[in-house]
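See structure below.
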Amino acid sequence: MSETADLGAERADDSKITLSGAVSMGTGVMIGAGVFALMGQVAGTAGQWFPLAFLAAAGVAALTSYSYVKLANTFPSAGGIGTFLNKAYGVGPIAATFTMAMWASMILNESLVARTFGTYFTKMIGVDSNTVFVAGLGAALLVGSFAINAAGNKAVNTVENVMAVVKIGGLVVFAGACLWVADFPTTASGAVDAPTVDSLIAAVGIGLLAYKGFTTITNTGGEIEQPNKNVGRAIIISIAVVTAVYLAVALAVRGNLGLGEIANARDFALAQAAQPVFGSVGFKLVAGLAVIATVTSVMASMYSTSRMLKMMSDMDEIPAVDERVTFGRRMPFGSPSLLVTTGVAIVLTIAFDLSRIAALGAFAYLALDMVVHYGHLRHLRGETGAKPAPLIAAIVVDAIVFIGFFAYRVRTDPVVIAAFIAFAVLVAGGETLYMRRFSDADGTMKDHEDAMS
C-alpha cells in the first residue's frame with residue numbers, strides 16, 4: 001500500500017474501491033465470521049431460538065449503523081472509527097484506548113476466522129482437525145491474505161467481487177435445498193441447556209459479532225469512489241444482504257439437525273447440516289464453500305485493520321509503525337502496518353484458544369460501540385445532522401446486550417470476565433501513559449496539529 005499523505009487523491013481511478021467492492025468487503029467479513037464461525041456457538045447459547053437470535057442481532061446492527069452512516073458521510077477517511085473517535089473526543093486517552101480496542105477486536109476476528117478456515121479445510125480434504133494442523137493452515141491463510149492486500153486495491157477489489165458472488169450463491173443454494181427437505185428434528189444427540197434470559201441476550205451479543213464487519217467499510221472512506229454517498233450505501237446494502245443469508249442458513253441448519261447435533265458440530269455446523277441432504281459429497285462441498293468464505297473474510301478484514309493501525313500511527317496514538325518496524329525504510333512489498341497486522345494475527349492463531357478471546361472481542365466491540373454513539377450524540381451531532389433518538393436508542397440497546405452478556409459470562413465463565421478487566425486496564429493505562437506526551441502542564445490535551453509538530 002502507498003504511504004503517501006493523500007493516498008486516495010494520488011491513486012488512479014481504476015484503483016478506487018467501487019460501491020460493489022465495498023459491499024463485497026463488508027459481506028465478506030460478515031458472512032465469513034457469522035455463518036461459519038459463530039452459527040454453532042449461537043445455537044448452543046440460545047437453543048431452539050438461535051435463528052431469532054441472529055435476527056435480533058441484525059436489528060441491533062441496523063439500529064447502530066445509523067450512527068456510522070452519518071459519521072462516514074461527514075468524515076470519510078481510511079481511519080474509520082479511529083477518525084470518528086478523534087473527532088468526538090480529540091487527541092487523548094479516550095480516543096486512543098477505544099481505537100486500540102477496535103483494532104484488537106478486528107485482529108481477534110481475523111484469528112477466529114483463520115482457525116475456522118483451518119477446521120473446514122481439514123474437513124474438506126478428510127483429515128483430522130488437530131490443533132497444530134488447523135493453526136498452521138490458519139497462519140498460511142493470513143500470509144496469503146498479506147500478499148493479496150500488498151498487491152493493492154485493484155487486486156482486493158477483483159478477488160472480493162468474484163468470491164462474494166460464489167459464496168453468497170453457494171449459501172443460497174445450500175439454504176434452499178436444506179429448507180426444501182427440512183423436518184426440524186426434535187431429538188438431540190447431545191445435551192443442550194434450556195435458554196435463560198441472560199443466555200438469550202448473550203446469544204444476541206455473539207450474533208452481533210457476525211454483523212460487526214460492516215464497520216470495516218468505514219475504513220475505506222479515504223479510498224472509495226464518492227465516499228459521501230457510497231460508504232453509507234455499502235453499509236446498508238451489506239447488512240440487508242447478510243441478514244437474509246443468515247436467517248435462511250440458520251433455518252436450514254435447524255431444519256436438518258437437532259440442537260445437540262448442532263452443538264456437537266459447532267465448529268463445522270453448516271457442513272454437518274448438508275450431509276443429511278447431499279451426503280458426504282455435500283459435506284465436502286459446503287466445507288469448500290466455507291473455505292472460500294473465510295478466505296474472503298480474512299482478506300477484507302486485514303485490509304481495513306491495517307489501515308486503522310496506520311491511522312493510529314499517523315495520529316500518534318501509538319509509536320510510529322514505520323520507524324519501529326522498518327527503521328524508516330520503505331518496504332519492497334506491502335506496508336509496515338499490514339506486516340504488523342498479519343504478524344499479530346498469526347501469533348494469536350497459532351498460540352491461543354480463541355473461544356474465550358472471541359468473547360473478549362465481543363465485550364470490546366460493545367463497549368466501543370457505546371463510546372462511539374455517545375461521542376456522536378454529545379459532540380458531533382451538529383456536524384452530521386443526526387437525530388438524537390436513534391443515537392440514544394443505540395446506546396441503550398448496546399448497554400442491555402453488554403450487561404446481559406456480562407451476567408451470562410459471570411455465571412458460566414468468570415475467567416473471561418477477569419481477562420476482559422485485565423485487558424481494559426492494560427490498554428487504558430498504557431494509552432494514558434503514552435498520551436501524556438501530548439498534554440500541557442495542567443493536563444489539557446493539545447490540538448493534534450500541535451502534538452504532531
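The values are calculated or read from the model by the stated rules, or taken from the named source; none is laboratory data. Since the model is a prediction, treat every value here as computed from it, not as a measurement. Reconstructed Cβ throughout: ideal geometry from the backbone, glycine too, with neighbour counts over all protein chains shown.
So here's what we get for this one:
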{"read-out": "Sole exception among (1) under 20 Å from the mean Cα position of the chain (by Cα); (2) crowded, with 22+ Cβ neighbours inside 10 Å; (3) closer than 25 Å to Gly44 by Cα for Arg356, by number", "value": "(2)"}
{"read-out": "Residue tally, condition of a type in the set (A, V, I, L, M, F, W, C) and at pLDDT below 65, over region 324-365", "value": "5"}
{"read-out": "Considering residues of region 283-323 that are among the small types (Gly, Ala, Ser), farther than 29 Å from Asn256 by Cα and surrounded by fewer than 23 Cβ atoms within 10 Å (Cβ to Cβ) only, the residue modelled with the lowest pLDDT", "value": "Ala320"}
{"read-out": "Residue under evaluation Ala104, criteria (1) farther than 21 Å from Ala273 by Cα; (2) more than 18 Å from the chain's Cα centre (by Cα); (3) surrounded by fewer than 23 Cβ atoms within 10 Å (Cβ to Cβ), criterion not met", "value": "(2)"}
{"read-out": "Complete set of residues in region 380-393 that are out of contact with any Phe, Trp or Tyr (no Cβ under 7 Å at 6 or more places or on another chain), in contact (Cβ under 8 Å) with a residue 40 or more places away in the chain and part of a helix (DSSP H, G or I)", "value": "Leu380, Glu383, Thr384, Leu391, Ala393"}
{"read-out": "Cβ-Cβ under 6 Å pairs, at least 6 apart or on other chains, region 178-200 side more than 19 Å from Gly255 (Cα to Cα), far side modelled with pLDDT of 75 or more and β-branched (Val, Ile, Thr)", "value": "Ser199/Thr45"}
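Let's see how each residue does on (1) under 25 Å from Ala389 (Cβ atoms); (2) in a helix (DSSP H, G or I); (3) in contact (Cβ under 8 Å) with a residue 40 or more places away in the chain; (4) in contact with a Pro (Cβ under 7 Å, 6 or more places away or on another chain):
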| residue | (1), (2), (3), (4) |
| --- | --- |
| Ile31 | no, yes, yes, no |
| Val35 | no, yes, yes, no |
| Gly59 | yes, yes, no, no |
| Ser65 | yes, yes, yes, no |
| Val69 | yes, yes, yes, no |
| Ala72 | yes, yes, yes, no |
| Pro76 | yes, no, yes, yes |
| Phe84 | yes, yes, yes, no |
